[in-house]
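So the structure is just underneath, and the comments pick up after that.
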Amino acid sequence: MTAEILSVGTELLLGDIVNTDAAFIAKKLAFLGIPLYHQSVVGDNAERLSDSLRLALSRADVVIMTGGLGPTCDDITKKVTAEVFGLPLEEHAESRRAIEGFFRDIGREMTENNLSQAMLPKGAVALANHHGTAPGVLLTGKIDGIEGERTVIMLPGPPKELEPMFNESVLPYLRERSPYTIWSLNLHLYGIGESAAEMILRPLMEESENPSIAPYAAEGEVRLRITARAESREECEALCRAMADRVRNGEIGKYIRAESSSDDESSEVTVRRMIELLREKGLTIGFAESCTAGMISARVADIAGCSDVLLGGIVSYANEVKMNVLGVSAEVLKTRGAVSEECAAQMAEGARRVLGCDIAVSVTGIAGPGGGTAEKPVGTVCFGLSDKYGTITETKHFGAFSDRGRVRRLTVTNAILKVIDRLSQNKL
């Protein structure tokens, strides 16, 4: 069985709304082991929607449509789908009662056009919507010019309605029809580019089909995705982890800092890894931040349970704060400048002293767009790390092809990586 996603809505084409529905559904299909070869978006136009749906049905057994199930005149998904299948629309009594009950429960008067949401293609199955008014629709039948039966699953566009409906109704339906599952293990690489990683891994990539191996460029990292298809998640995981061991033992291993899987909901894998290492060693951490103004501390605080290791952070944007709170000397600020390794070192040492943490990390830099010089261009960031073994510093340049936001995000990532590397290299 193959599937295809067809998202409906002019607002998606205009970029007014990010299509998170398709990403959610694609991940669920991968979990079920259902191949997904195409995704497409079409606006609220009946002719183009009909053409797009016919094309999708010509190449997939199941087409999952999102959006266009509301009560307004531009909500045309059910009407067009019914026409493609050659079926009339009929009122679904149970859906009508659910819609009327929804408005009664919230104490609002229901306008007549809301009842259009209870109109379903003849013979379709309604999928209950416990978070809104539009029921989902499951329709199986034949289409002129296409051999065999096809299934269309229509889901409402709002994620708060689509996601629970998919989990409650669509997932069990599809699970019964798919004997396989797909599972991925991601290795997160830092300090190497996508093309260089691909050159090293190419022999392994060409050798192995299941699991497959593919590098993907992301901001500040390369993500190596190892994906297996088998009859159970356990079989998939065994295949992926065996391949991951081969990768770690090869030339690429030195660039791996963290791993995540398709089970993980969060992308904060490096932060989680840092917290795990600190917790294992019984250590605490704190931050002194200039150019990031608290972003590193906030990133760590996003992770539940971080209070085991995070003592606090100091935002030292102004030089006065660097001097009065962290103890950075006026002489360093005058002769070397706020963006210098000497300043970063004293910031880290001061944070460790003030916060009473085992490890303190500092960052100070020029995020831009102004403030850069020939000696210290925009994107120059100095890092400091202080622990009982001493203080280390480093300067990085993130200016090329970077805006202010990207410089700050890369600074956060690199600060976390420095802690991971430090914890891996010494006996803290």
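Return the total of residues in region 388-399 being touching a residue at least 24 places away in the same chain (Cβ under 8 Å), within 19 Å of THR292 (Cα to Cα) and assigned to a strand (DSSP E or B).
Of the residues in that region, 3 qualify.
Conditions first: (1) farther than 26 Å from ARG175 by Cβ; (2) surrounded by fewer than 18 Cβ atoms within 10 Å (Cβ to Cβ). GLY286 passes all but one, so which condition is the exception?
The one condition GLY286 does not meet is (2).
Could you please give the count of residues in region 1-34 that are in a helix (DSSP H, G or I) and within 30 Å of CYS236 (Cβ to Cβ)?
13
Does THR411 satisfy being buried (at least 21 other Cβ atoms within 10 Å of the Cβ) and in the same structural domain as THR284 (by TED's automatic domain parsing)?
Criteria met by THR411.
Any idea which of THR270, THR335, THR284 is modelled with pLDDT of 95 or more, within 29 Å of the chain's Cα centre (by Cα) and not small (Gly, Ala, Ser)?
THR284
For residues that are in contact with a Phe, Trp or Tyr (Cβ under 8 Å, 6 or more places away or on another chain) and either outside any helix (DSSP H, G or I) or not assigned by TED's automatic domain parsing to the domain that holds THR140 (or both), tally how many sit in region 35-60.
1
From (1) assigned to a strand (DSSP E or B); (2) in contact with a Leu (Cβ under 6 Å, 6 or more places away or on another chain), pick out the condition that doesn't hold for LEU385.
(2)
What are the residues in region 257-307 that are touching a Leu at 6+ places or on another chain (Cβ under 9 Å), under 21 Å from CYS240 (Cα atoms) and not hydroxyl-bearing (Ser, Thr, Tyr), if any?
Across region 257-307, the qualifying residues are ARG257, ALA258, GLU259.
Any residue in region 222-237 that is without any contact (Cβ under 8 Å) to a residue 40 or more places away in the chain sitting within a Cβ distance under 7 Å of a residue that is of a type in the set (Asp, Glu)? List the pairs, counting only those 6 or more apart or interchain.
VAL222/GLU194
Exactly one of (1) hydroxyl-bearing (Ser, Thr, Tyr); (2) modelled with pLDDT under 95; (3) in contact with a Ser or Thr (Cβ under 8 Å, 6 or more places away or on another chain) is unmet by TYR180. Its number?
With (1) hydroxyl-bearing (Ser, Thr, Tyr); (2) modelled with pLDDT under 95; (3) in contact with a Ser or Thr (Cβ under 8 Å, 6 or more places away or on another chain) applied to TYR180, the lone miss is (3).
Looking at region 365-375, is at least one residue modelled with pLDDT of 95 or more, of a type outside the set (D, E, K, R) and surrounded by fewer than 19 Cβ atoms within 10 Å (Cβ to Cβ)?
no
Going by the conditions given, is ALA126 within 30 Å of ILE182 (Cβ to Cβ) and of a type in the set (A, V, I, L, M)?
Here the answer is yes, as ALA126 does meet what is asked.
Tally time: how many residues in region 338-382 are in a loop (DSSP other than H, G, I, E, B) and under 33 Å from the mean Cα position of the chain (by Cα)?
Residues in region 338-382 being in a loop (DSSP other than H, G, I, E, B) and under 33 Å from the mean Cα position of the chain (by Cα): 13 in total.
So which of GLY123, GLY107, GLY86 ends up being modelled with pLDDT under 90, small (Gly, Ala, Ser) and surrounded by fewer than 18 Cβ atoms within 10 Å (Cβ to Cβ)?
Just a single option satisfies the conditions, and that option is GLY107.
Does ASP403 satisfy the condition of being modelled with pLDDT of 95 or more and either among the acidic types (Asp, Glu) or surrounded by fewer than 15 Cβ atoms within 10 Å (Cβ to Cβ) (or both)?
When the stated conditions are applied, ASP403 does not pass them.
The values are calculated or read from the model by the stated rules, or taken from the named source; none is laboratory data. Just so you know, these numbers come straight off a predicted model, no measurement behind them. We place every Cβ from the backbone using ideal geometry, glycine too, and count neighbours over all the protein chains shown.
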